[in-house]
Amino acid sequence: AQKVTQAQTEISVVEKEDVTLDCVYETRDTTYYLFWYKQPPSGELVFLIRRNSFDEQNEISGRYSWNFQKSTSSFNFTITASQVVDSAVYFCALSEKGSTLGRLYFGRGTQLTVWP
Amino acid sequence: KAGVTQTPRYLIKTRGQQVTLSCSPISGHRSVSWYQQTPGQGLQFLFEYFSETQRNKGNFPGRFSGRQFSNSRSEMNVSTLELGDSALYLCASSLYSNSYEQYFGPGTRLTVT
């Protein structure tokens, strides 16, 4: 079973629109970490954020915000006033404190295209 | 601080050959992980090394192996290459473990013909 599900394969928006990327995860561990990464066409995965399972506070960083809800096992990512430079594939990932230490489970990614 | 570097960036090999990819982590980082990215399977974990010891391994055949040196640099080797091994191989480094941010290198694009 997929530990991380990103149901949206592709999203297209026009510049300045807000867009939310969904991420649903599955784990039996009580201690785990969630991540978002951005992969531009160059291929390199760029770290965006890490949250631990004990911190459900939402976070805002400039135009980016993250909504972590343990009750629904979701960790959604919102880009406000999107820009063309936001076009990339976005990955949500999970790591567990248990036996799979050191391993990230990635979702399949959401391709975001922002049109001018 | 320099980021994660991977060499070579691009590689073309023939079926049956073997290949070695190299990864230099961020200075001070002791954990190195390797991932394979393909359009069909997405990002899949290969293995993770910490202080020269393999701590975790993904579901890949024994043809895939790796090692880590005392300076934390890591190599991965794929023997008897198959067409399906064509992929982007990404290396990530982190301070200690998966509880920390993993920073990725630019990847090595391997094409097997």
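Since every read-out is calculated from the coordinates, none of them should be taken as a lab result. These figures come from a predicted structure and were not determined experimentally. Note that each Cβ is placed from the backbone with ideal geometry, even for glycine, and that neighbours are counted across all protein chains shown.
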Sorting check: for B:75-81, B:57-63, B:87-93, A:40-46, which peptide has the highest mean count of neighbouring beta carbons within 10 Å, and how do the rest follow?
B:87-93, B:75-81, A:40-46, B:57-63
Cα atoms only: what Rg and Dmax, in Å, come out for the stretch B:58-113?
12.9, 38
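Could you compute how fast the stretch B:17-84 diffuses translationally, taking Rh as the Kirkwood radius over C-alpha pairs and applying Stokes-Einstein at 37 °C with viscosity 0.692 mPa s? Give it in µm² per second.
262
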Only Cα pairs under 8 Å and at least 6 apart count here; give the relative contact order of chain B as a rounded whole percent.
36
Length gain on complete extension for the stretch B:ALA2 to B:SER22, per 0.36 nm per residue less the alpha carbon to alpha carbon distance?
5.6 nm
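Where nothing but the Cβ of Lys and Arg (+1) and of Asp and Glu (-1) is charged, how large is the charge dipole of chain B around its Cα centre, in debye to the nearest 20? If you can, show how the numbers build up before the last one.
Values: 11 positive and 6 negative charges, 31 e Å.
With only Lys, Arg, Asp and Glu charged at Cβ, the dipole is about 140 debye.
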Sequence order, the stretch B:42-47: Karplus ³J(HN,Hα) from phi using 6.51 cos²θ - 1.76 cosθ + 1.60, θ = phi - 60°, Hz rounded, Gly and Pro as x, gives x, 8, 10, 6, 9, 6
Ranking B:TYR10, B:TYR49 by Cβ neighbours within 10 Å, fewest first, what do you get?
B:TYR10, B:TYR49
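Sorted by packing (mean other beta-carbon atoms within 10 Å per residue), highest first, where do A:80-87, B:34-41 land?
Working: A:80-87: 14.4, B:34-41: 16.0.
Taking the mean over residues of other Cβ atoms within 10 Å, the ranking is B:34-41, A:80-87.
With only Lys, Arg, Asp and Glu charged, each at its Cβ (+1 for the first two, -1 for the last two), find how big the charge dipole of chain A is about the Cα centre; round to the nearest 20 debye. Walk me through the numbers on the way to the answer.
Values: 11 positive and 13 negative charges, 71 e Å.
Here chain A has a charge dipole of around 340 debye.
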Test item: Cα-centred dipole of the protein assembly as shown, Lys/Arg +1 and Asp/Glu -1 on Cβ, debye:
740
Among A:SER61, A:VAL14, A:VAL114, pick out the residue whose Cα is farthest towards the positive end of the charge dipole of chain A, where Lys and Arg carry +1 and Asp and Glu carry -1 on C-beta, about the Cα centre.
A:SER61
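Can you give the Kirkwood hydrodynamic radius of the protein assembly as shown from its Cα pairs, in Å with one decimal? Walk me through the intermediate numbers first.
Numbers: mean 1/r = 0.0552 Å⁻¹.
Radius from the Kirkwood sum: 18.1 Å.
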Based on C-alpha coordinates, I'd like the Rg and Dmax of the stretch A:1-79, in Å.
13.2, 39
For A:LEU21, other-chain or 5+-apart residues with amide H closer than 5 Å (H placed, Pro excluded) are A:PHE77, A:THR78, A:ILE79
B:ARG67-B:THR53 pseudo-label distance in nm [points 7 Å out on the Cα-to-Cβ vector]:
1.8
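Give me the inter-chain shielding for A:103-114: mean count of other chain Cβ atoms within 10 Å, whole number please.
Details: counts 11, 10, 3, 6, 2, 3, 3, 0, 0, 0, 0, 0.
Mean shielding count: 3.
Per-residue Cβ counts within 10 Å, from other chains only, averaged over B:34-42: what number is that?
2
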How crowded by other chains is A:40-46, given as the mean number of beta carbons from other chains within 10 Å of each beta carbon?
5
Would you compute, for the Cα atoms of the stretch A:32-116, the largest minus smallest coordinate along each principal axis and list the three values in descending order, in whole Å?
44, 26, 19
